[in-house]
Ligand SMILES: [Fe+2]
């Protein structure tokens with residue numbers, strides 16, 4: 001049985017300046033971020049840190065080409081700590097940089113993963129979205145364009161040393177990013193709760209994450225407007241962190257596995273791709289095995305959403321639709337011919353995630369889920 005642990009220290013700060021002062025940020029530190037995050041908040045602090053702006057190396061989610069180009073640039077720079085300030089892309093890249101020796105390329109890290117990677121730079125992560133929870137996990141997902149697959153690099157050495165939560169960093173998030181990232185965190189909480197690898201402690205973090213997210217969503221939807229969620233920014237950030245702690249232990253499952261081809265082929269943002277698969281995966285689970293933790297989950301959701309226990313999941317789909325309207329896969333450019341290819345690809349490459357399913361799903365069942373979502 002895998003022991004439950006929270007590896008990075010987790011600290012909340014009122015603002016970036018207080019964190020920078022306490023951490024003594026300076027010339028030996030490398031801040032990996034985006035210019036749109038750096039300019040309004042960090043630049044004026046005159047910290048003297050070295051900087052690297054991810055967008056100069058390409059947009060979207062991390063690819064092997066992007067990370068290799070960053071590694072090439074860093075070869076001539078001398079720095080000790082890495083301070084990653086950003087969303088999922090920045091965090092995933094930073095975890096790879098923290099274990100990469102100066103001569104490494106991304107492929108070398110995948111090759112050495114089985115024997116174990118070692119930490120080269122201490123790593124601090126400051127998340128600026130409320131979704132990935134990736135600041136407390138030791139996995140980085142890179143789209144290996146050269147091989148046509150999104151794959152995780154996992155290593156004990158890829159845990160950050162510090163996760164730093166600063167709710168103010170969320171305030172500049174556009175509504176769409178808030179929506180997809182909080183949906184991602186909600187799905188982390190659900191998938192980790194249902195995972196056969198969950199334990200009482202991870203379940204506690206899953207439940208609390210759900211509580212915070214559902215409360216925040218109900219409040220924001222009730223008030224209306226694109227900025228209403230900001231009043232609950234600290235709760236959404238904490239929820240994302242708690243859900244990260246939960247899935248770091250218990251794992252994500254079929255929803256994430258089936259969302260990956262949507263992201264890598266159609267560039268649908270990660271949280272939204274998860275949303276497109278979520279309800280149909282849950283419905284297939286219920287069809288195969290209605291009791292057990294799926295009933296407990298429905299009861300938790302029913303209580304949070306003020307409906308009968310058996311209607312909890314249905315109420316969740318409705319609330320999620322109010323946060324971000326869900327369209328069928330075909331509206332996102334997915335074609336019917338792709339579905340069997342996706343199903344096969346998921347079974348062949350995502351066993352790490354499928355092993356955490358509430359009930360096992362065959363390739364045929366995975367294809368049915370895709371068809372139902374189509
Ligand atoms: Fe996710």
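This table checks each residue for (1) at pLDDT 95 or above; (2) farther than 25 Å from residue 4 by Cβ.
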| residue | (1), (2) |
| --- | --- |
| 94 | yes, no |
| 98 | yes, no |
| 111 | no, yes |
| 124 | yes, no |
| 131 | no, no |
| 141 | no, no |
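So which strands (runs of 3 or more DSSP E) are wholly in the range 43-144 and hold at least 3 residues that are buried (at least 19 other Cβ atoms within 10 Å of the Cβ) and within 23 Å of the chain's Cα centre (by Cα)?
Because the criterion is at least 3 residues that are buried (at least 19 other Cβ atoms within 10 Å of the Cβ) and within 23 Å of the chain's Cα centre (by Cα), the strands (runs of 3 or more DSSP E) in the range 43-144 that meet it are 82-86, 123-127, 139-144.
Any residue at all in the range 263-286 that's in contact (Cβ under 8 Å) with a residue 60 or more places away in the chain, touching a strand residue (DSSP E or B) at 6+ places or on another chain (Cβ under 7 Å) and either under 28 Å from residue 334 (Cβ atoms) or in a helix (DSSP H, G or I) (or both)?
Yes.
Inspect all residues belonging to the range 329-351 and state whether any of them is within 16 Å of the ligand (Cβ to nearest atom), in contact with a helix residue (DSSP H, G or I) (Cβ under 8 Å, 6 or more places away or on another chain) and at negative phi.
Scanning the range 329-351 turns up at least one residue that is within 16 Å of the ligand (Cβ to nearest atom), in contact with a helix residue (DSSP H, G or I) (Cβ under 8 Å, 6 or more places away or on another chain) and at negative phi.
Since residue 267 meets every condition but one in (1) closer than 15 Å to residue 88 by Cα; (2) touching a helix residue (DSSP H, G or I) at 6+ places or on another chain (Cβ under 8 Å); (3) more than 12 Å from the ligand (Cβ to nearest atom), which condition does it not meet?
Just one mismatch for residue 267, condition (2).
Has the range 154-162 got at least one residue that is touching a helix residue (DSSP H, G or I) at 6+ places or on another chain (Cβ under 7 Å), in contact (Cβ under 8 Å) with a residue 60 or more places away in the chain, crowded, with 17+ Cβ neighbours inside 10 Å and over 29 Å from residue 112 (Cα atoms)?
Checking the range 154-162: not a single residue is touching a helix residue (DSSP H, G or I) at 6+ places or on another chain (Cβ under 7 Å), in contact (Cβ under 8 Å) with a residue 60 or more places away in the chain, crowded, with 17+ Cβ neighbours inside 10 Å and over 29 Å from residue 112 (Cα atoms).
Whether any residue in the range 53-64 is within 21 Å of residue 263 (Cα to Cα), in contact with a helix residue (DSSP H, G or I) (Cβ under 7 Å, 6 or more places away or on another chain) and within 16 Å of the ligand (Cβ to nearest atom) is what I want to check.
Yes, the range 53-64 contains at least one residue that is within 21 Å of residue 263 (Cα to Cα), in contact with a helix residue (DSSP H, G or I) (Cβ under 7 Å, 6 or more places away or on another chain) and within 16 Å of the ligand (Cβ to nearest atom).
Here is a check on your reading of the model: is residue 244 within 14 Å of the ligand (Cβ to nearest atom), within 15 Å of the chain's Cα centre (by Cα), part of a helix (DSSP H, G or I) and at pLDDT below 95? Break it down into steps so the answer makes sense when it comes.
Details: within 14 Å of the ligand (Cβ to nearest atom): yes; within 15 Å of the chain's Cα centre (by Cα): yes; part of a helix (DSSP H, G or I): yes; at pLDDT below 95: no.
So residue 244 fails the test.
Need pairs with beta-carbon distance below 7 Å; first residue closer than 11 Å to residue 272 by Cβ and within the range 170-188, second part of a helix (DSSP H, G or I) and away from the ligand (no atom under 14 Å from the Cβ); sequence gap 6+ or separate chains.
If the second residue must be part of a helix (DSSP H, G or I) and away from the ligand (no atom under 14 Å from the Cβ), the pairs left are 179/323; 183/320; 183/323.
Do we have residue 237 as under 18 Å from residue 304 (Cβ atoms), away from the ligand (no atom under 14 Å from the Cβ), under 18 Å from the mean Cα position of the chain (by Cα) and not assigned by TED's automatic domain parsing to the domain that holds residue 14 here?
Considered against the rule, which asks whether it is under 18 Å from residue 304 (Cβ atoms), away from the ligand (no atom under 14 Å from the Cβ), under 18 Å from the mean Cα position of the chain (by Cα) and not assigned by TED's automatic domain parsing to the domain that holds residue 14, residue 237 comes out as no.
Mind listing just one residue for me: the one in the range 145-199 that is within 17 Å of residue 267 (Cα to Cα) and over 15 Å from the mean Cα position of the chain (by Cα) and, of those, farthest from the ligand (Cβ to nearest atom)?
146
Given the condition within 16 Å of the ligand (Cβ to nearest atom), over 30 Å from residue 119 (Cα atoms) and in contact (Cβ under 8 Å) with a residue 60 or more places away in the chain, answer yes or no: does some residue in the range 208-215 qualify?
Yes, that holds for at least one residue.
The values are calculated or read from the model by the stated rules, or taken from the named source; none is laboratory data. All values derive from a computational prediction rather than experimental measurement. Note that each Cβ is placed from the backbone with ideal geometry, even for glycine, and that neighbours are counted across all protein chains shown.
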